[in-house]
Amino acid sequence: MRPHCKTRQNLSRYSRLVTVAALLICICSLGFAQSTAAQVSGTVGKVLIRIRDRVNEQQLAQVQVQLVRFPDGVVGEQFTGSDGSAQFSGLSVGAFTIRASRQGYEPGEVQIDLRNSDRTLQSVDISLMPRKDKGSGAPQGIVAAGALKVPDNARKEFDRGSRLLNEKKDFDRSIAAFQRAIKLYPGYADAYFLMGTAQMQASAASDAEASLRKAIALDARFIAPHYPLALLLYAQQRYAEEKELLLEAQKLDATDWRWPFELARCDAQQGQWEGALRYGVTASGSANAPPKVHLLLADIYANSSRPRDAIAELELFAKLDPESLYMKRVREVLNVLRQRSAASVFPSSEPR
């Protein structure tokens, strides 16, 4: 084969790899603000969550509650009030996981399925078990250390801002409420955190970054702000800063799948496939890792000239989440990968 023909063939193969990868990256690269704001048609109503202490049955305030939709990620976050309750409204049809975390307690979660529900209000009860080793090990809770010192008037403004953010999706008024809470209690890390998430959803990226960084500065062990801040840095292609932040978060909670998952995405965007694969495999082995981890691994394998592994990851995703909104795209990519694998068009299949 003449040299220039060989070059054209390699370029053609490279362009095909990029096409497959682009299809997968579109699925894997959903941002926090996008998924939080995406309340599509077909809403089914509200979910009311009540959190209690499993030992004494007391209602637990200041528990962070996350509503997660796979494979999209976090749909909403808020804290329980003094009555131990939180509420999410305007939910679209789908399957969700509700996660609850509070300092000094083991995290808890439940799954709900709104795809076949005719109820406009669902109630969920979660009981959290107090930790036995409160004084040892890395912190697992996510409520800021100074939460119990917050004066009542500041807490009321915080609760008002949380309701406006999560129930009304009124970003401007929620930000104003958090600002009033901070004025009343300048060390209010929780208020800075939720204000930062509201600012992200209001497309005020610079303000959001400042708020989230302030929350971490007030309490370095407060893990919740790390995730939205990492996604903000990722969206701005500030990969070195993002990686440093994610490694800090991983030290605080090595069991959370999000840190290696985002580290894998960070390396993948820079073409660092070996590191991306290492982090991706770690994320897939984490407890409660969502199916979308396998989409990311498929992307990494496709870019590493390992089509069979990419196919296996997509097939596994299809088994884990067959009702996913992204299944149509996944089937398209699977067909392409199978055809190219059978035709041995990947560079790794060339005779040596």
Legend entry - Top-ranked residue of region 217-240 - restricted to ones that are part of a helix (DSSP H, G or I) and more than 18 Å from the chain's Cα centre (by Cα), ranked as farthest from R173 (Cα to Cα): A240
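Quick one: in region 326-344, which of the residues that are touching a residue at least 24 places away in the same chain (Cβ under 8 Å) and open to solvent by 30 Å² or more (accessible area, probe 1.4 Å) is nearest to R306 (Cα to Cα)? Before you say what the answer is, go through the steps one by one.
Restricting attention to region 326-344, the residues satisfying the condition of being touching a residue at least 24 places away in the same chain (Cβ under 8 Å) are 326, 329-330, 332-333, 336-338, 340-341.
Of the ones still in play, those that are also open to solvent by 30 Å² or more (accessible area, probe 1.4 Å) are 326, 329, 332, 336, 338, 340-341.
On the way: Y326: 22, R329: 20, E332: 18, V336: 14, R338: 12, R340: 11, S341: 9 Å.
Only one residue fits best here, namely S341.
Can you pull out the residues in region 238-251 that are among the aliphatic types (A, V, I, L, M), at pLDDT 95 or above and surrounded by 15 or more Cβ atoms within 10 Å (Cβ to Cβ)? If you could, list the steps in order and put the result at the bottom.
Of region 238-251, the ones among the aliphatic types (A, V, I, L, M) are 240, 245-247, 249.
Still in the running and at pLDDT 95 or above: 240, 245-247.
Those that are among the aliphatic types (A, V, I, L, M), at pLDDT 95 or above and surrounded by 15 or more Cβ atoms within 10 Å (Cβ to Cβ): L245, L246.
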Legend entry - Flag for I223 being touching a Phe, Trp or Tyr at 6+ places or on another chain (Cβ under 7 Å), among the hydrophobic types (A, V, I, L, M, F, W, C) and closer than 30 Å to V150 by Cβ: no
Legend entry - Selection within region 183-199 - open to solvent by less than 20 Å² (accessible area, probe 1.4 Å) and of a type in the set (A, V, I, L, M): A189, A191, L194, M195, A198
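Could you say which residue among A254, A235, A276 is surrounded by 20 or more Cβ atoms within 10 Å (Cβ to Cβ) and aliphatic (A, V, I, L, M)? Talk me through it step by step, then tell me what you get.
Numbers: A254 fails: surrounded by 20 or more Cβ atoms within 10 Å (Cβ to Cβ); A235 fails: surrounded by 20 or more Cβ atoms within 10 Å (Cβ to Cβ).
Residue meeting the stated conditions: A276.
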Inset, instruction - Name the single residue, out of those in region 121-133 being more than 14 Å from S101 (Cα to Cα) and in a loop (DSSP other than H, G, I, E, B), that is modelled with the highest pLDDT. - result: K132
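Going by the structure shown, is R213 over 20 Å from V63 (Cα atoms), open to solvent by 70 Å² or more (accessible area, probe 1.4 Å) and at pLDDT 95 or above? Reasoning before the result, please.
Details: over 20 Å from V63 (Cα atoms): yes; open to solvent by 70 Å² or more (accessible area, probe 1.4 Å): yes; at pLDDT 95 or above: yes.
In short, yes.
The values are calculated or read from the model by the stated rules, or taken from the named source; none is laboratory data. Just so you know, these numbers come straight off a predicted model, no measurement behind them. Counting neighbours? That spans all protein chains shown, and the Cβs are built from the backbone with ideal geometry, glycine included. Calculation scope for accessible area: heavy atoms of the full protein, side chains included, ligands and nucleic acids excluded. Shrake-Rupley method; radii C 1.70, N 1.55, O 1.52, S 1.80 Å.
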